[in-house]
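Contents: one structure, followed by commentary.
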Amino acid sequence: MILNCLEEHLAPGKCVRYLCQDETRVGLKTLTGKVITASGVKPTVDVKWPRDNFWIYGAIEPLTGDHFLYEYPKLNGECFQQFLDWLSVQLGSDYAILQIDQAPAHTSSKIRWPENIIPLFQPPSAPELNPIERLWQFLKKPLKNQLFSSLHALRVGVARRRHRIQELFDQLTFKQVISVSSYNFILEALFYAASH
């Protein structure tokens, strides 16, 4: 009903998409994960504790697997505004209902929402409702138990010509995004809205 209403009144003839947005920190502190060892051998992993980091802002479309990911130096309202402006351009003439949490950067009165992005705030303290949280886990898995000497080293890929993080973005497929983000309650709601 909401999608039809938007299409009829706000965006006649336009495509209205449902996106889920969030941010994740990536940095030099080692992400630890499971290690396979011989029976009876206690696994050991070197760990670094520096707090240098950057943030990945992202939005995904659970229905199609389309994804929009961009790196920023901080998590704040200014970077969020830049991401919204960039996402608005990426959407072109499409409109998006953007599911977001109630982080201060998202709810600030200083945020100027682009005309083609409509915020949909999820309940507070409920990250499990946002499918992009599972995407962050999926993207960070290859970084587990790896040591990086600097943020530059984290960004540089195997060939030392590509950013490691960009390499992970580039390898991400629509099918993988659908696989980790297509929650039944979201798909059922979208199919119901499309049929009415």
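The values are calculated or read from the model by the stated rules, or taken from the named source; none is laboratory data. Please read all numbers here as calculations on a predicted model, not as lab measurements. These accessible areas exclude ligands, DNA and RNA; they are computed on the full protein's heavy atoms, side chains included. Shrake-Rupley method; radii C 1.70, N 1.55, O 1.52, S 1.80 Å.
Backbone phi angles across the stretch 123-136, fed through the Karplus curve with coefficients 6.51, -1.76 and 1.60 (θ = phi - 60°), yield HN-Hα couplings of x, x, 6, 9, x, 5, 7, 9, x, 5, 4, 6, 5, 4 Hz in residue order; Gly and Pro are listed as x. Full extension of the chain between GLN137 and SER150 yields a length gain of 2.5 nm, computed as 0.36 nm times the residue separation minus the alpha carbon distance. Protein-only accessible surface at a 1.4 angstrom probe places the residues HIS67, HIS152, HIS106 in the order HIS152, HIS67, HIS106, largest first. Solvent-accessible surface (1.4 Å probe) assigned to VAL89 amounts to roughly 110 Å². The heavy atoms of THR44 offer some 120 square angstrom of accessible surface to a 1.4 angstrom probe.
Using a probe of 1.4 Å, the accessible surface attributed to ARG25 totals some 130 Å² when neighbouring protein chains are kept in position.
A 1.4 Å probe over all protein chains sorts SER181, SER125 by accessible area into SER125, SER181, starting with the largest.
Per-residue accessible area (protein heavy atoms, 1.4 Å probe) orders PHE80, PHE169 as PHE169, PHE80, starting from the largest.
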